[in-house]
Amino acid sequence: MKKLKIEIMTNEDLETIKDILQTEFDEFWNYEILKQELSSNNSKYIVAKTLDNIIVGFAGIKIILDTAEIMNIVTKKSFRNMGTGKQMLEYLINMCKNSNIKTLNLEVNSTNTIAITLYKKYNFKEVGLRKKYYDNTYDAILMSLNF
Ligand SMILES: CC(C)(COP(=O)(O)OP(=O)(O)OC[C@H]1O[C@@H](n2cnc3c(N)ncnc32)[C@H](O)[C@@H]1OP(=O)(O)O)[C@@H](O)C(=O)NCCC(=O)NCCS
């Protein structure tokens, strides 16, 4: 597993990856949405950086009372399958535990087997299904981790 630093994501981090967000990370999360998320009091975002400060992933949760929801978890394409996702997810889980969150929820496209495998590794359980949730075609699997 690659040695990484996990830090709270700043606006400066977002500016650093602005131009490569959709091409090298994930087309689903755009700059404007992330900028709003970073300024929201209920959201907590993290970045994974190599020891020489290259951003290789980011992830965020939204907290509502004692429940949190994973909004996204994305590894830079050229850094996938090297343990970055696991390190970010572990960090988010610990963040929740330290904030007395009782449940961490997420929804994931049922075709996204890599993400589903990752979540199951950390004991997330399937708790529901939203039929044709993405593009009116793919189901969303709802998953949940209770502390
Ligand atoms: C899901 C995602 C964040 C995983 O990030 P990652 O840094 O590649 O994850 P890791 O290297 O920590 O791998 C975690 C686990 O996923 C599975 N996995 C990762 N890459 C895989 C691959 N190419 N094939 C099969 N399984 C794979 C493995 O089970 C792995 O655990 P292991 O190393 O103990 O075997 C990444 O694929 C991604 O950014 N996808 C696009 C965005 C997305 O779909 N996010 C989740 C939806 S909300």
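Worth pointing out:
- Largest to smallest in accessible area, the residues TYR31, TYR138 fall in the order TYR138, TYR31 (1.4 Å probe, all protein chains included).
- Of all accessible heavy-atom area on the chain, the percent that carbon and sulfur account for (1.4 Å): 48
- When the chain is treated as a Gaussian network with alpha carbon springs shorter than 10 Å, the biggest mean-square fluctuation among GLY57, GLY85, GLY128 belongs to GLY128.
- GNM flexibility winner over the chain from LYS120, LYS62, LYS132 (Cα, springs under 10 Å): LYS132
- The chain: DSSP helices with Cα axial extent of at least 15 Å and average Kyte-Doolittle hydropathy no lower than -1.0: 84-98
- Exposure of LEU104 as accessible area (Å², to 10), given a probe of 1.4 Å and all protein chains: 0
- The stretch between ASN123 and LYS35, if pulled fully straight at 0.36 nm per residue, gains 28.6 nm over its current Cα-Cα span.
- Net charge over other residues, Cβ less than 12 angstrom from the Cβ of ILE141 (K, R count +1; D, E count -1): +1
- FRET efficiency, 1/(1 + (r/R0)^6) with R0 30 Å, evaluated for THR23 and SER99 via beta carbons: 0.35
- Applied to segment 55-66, the Karplus parametrisation 6.51 cos²θ - 1.76 cosθ + 1.60 on θ = phi - 60° returns per-residue 3J(HN,Hα) values of 6, 10, x, 8, 7, x, 10, 10, 10, 10, 6, 9 Hz, with x for Gly and Pro.
- The HN-Hα couplings worked out from phi for segment 71-81 by the Karplus form 6.51 cos²θ - 1.76 cosθ + 1.60 (θ = phi - 60°) are 7, 6, 8, 9, 10, 4, 3, 6, 10, 6, 6 Hz, whole numbers, x standing for Gly and Pro.
The values are calculated or read from the model by the stated rules, or taken from the named source; none is laboratory data. All values derive from a computational prediction rather than experimental measurement. Counting neighbours? That spans all protein chains shown, and the Cβs are built from the backbone with ideal geometry, glycine included. The protein model used for the area step is the full one, side chains on, heavy atoms only, and it has no ligands, DNA or RNA in it. Shrake-Rupley method; radii C 1.70, N 1.55, O 1.52, S 1.80 Å.
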